[in-house]
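A short worksheet on the structure shown next.
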Amino acid sequence: SWDVLQQNRLNPQKVILVCKSYHARRALLTYQVYFPKDTMFFVSPVTDKTGITKENWFLDAQKISYVMKELTKIGQYFVTHIPNWIK
């Protein structure tokens, strides 16, 4: 997304992220890594066919599995970035 915005000479100050509810954290972290630090993000999670929401993800083994896979990916994708976030 950032590359496309730059190619079109757009520099958004505010961004709306629309993504699957269980993918929202990883999507937000990804955008925060690549977009300028002063960009303001608004996350609008969407419930897909899995039916996962923040209210029910822990009530069903399949939903827990989806969320835990996302959590694992966050650790894998951002391990090198995390030290920079606490500076």
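The values are calculated or read from the model by the stated rules, or taken from the named source; none is laboratory data. A quick note: this is a predicted structure, and the numbers were derived from the prediction, not measured. With ligands, DNA and RNA removed, areas are computed over all heavy atoms of the protein, side chains included. Shrake-Rupley method; radii C 1.70, N 1.55, O 1.52, S 1.80 Å.
Results, tabulated for the structure shown:
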{"quantity": "5 angstrom amide H check on residue 41, placed H, neighbours 5+ away", "calculated": "15"}
{"quantity": "Per-bin percent of Cα-Cα distances, the range 1-40 [5 Å]", "calculated": "6, 22, 30, 26, 12, 4, 1"}
{"quantity": "Taking the chain and dividing mean pair separation by its residue count, relative contact order in percent (alpha carbons under 8 Å, at least six apart)", "calculated": "29"}
{"quantity": "The chain - percent of accessible surface contributed by carbon and sulfur, probe 1.4 Å", "calculated": "58"}
{"quantity": "q = 0.23 Å⁻¹, the chain: log10 I(q)/I(0) [Debye, one scatterer per Cα]", "calculated": "-1.15"}
{"quantity": "Solvent-accessible area per residue, Å², over the chain with all protein chains present [probe radius 1.4 Å]", "calculated": "75"}
{"quantity": "Rounded, prolate or oblate (a/c below 1.5 giving rounded, otherwise prolate when a/b exceeds b/c) for the range 46-87 by Cα gyration tensor", "calculated": "prolate"}
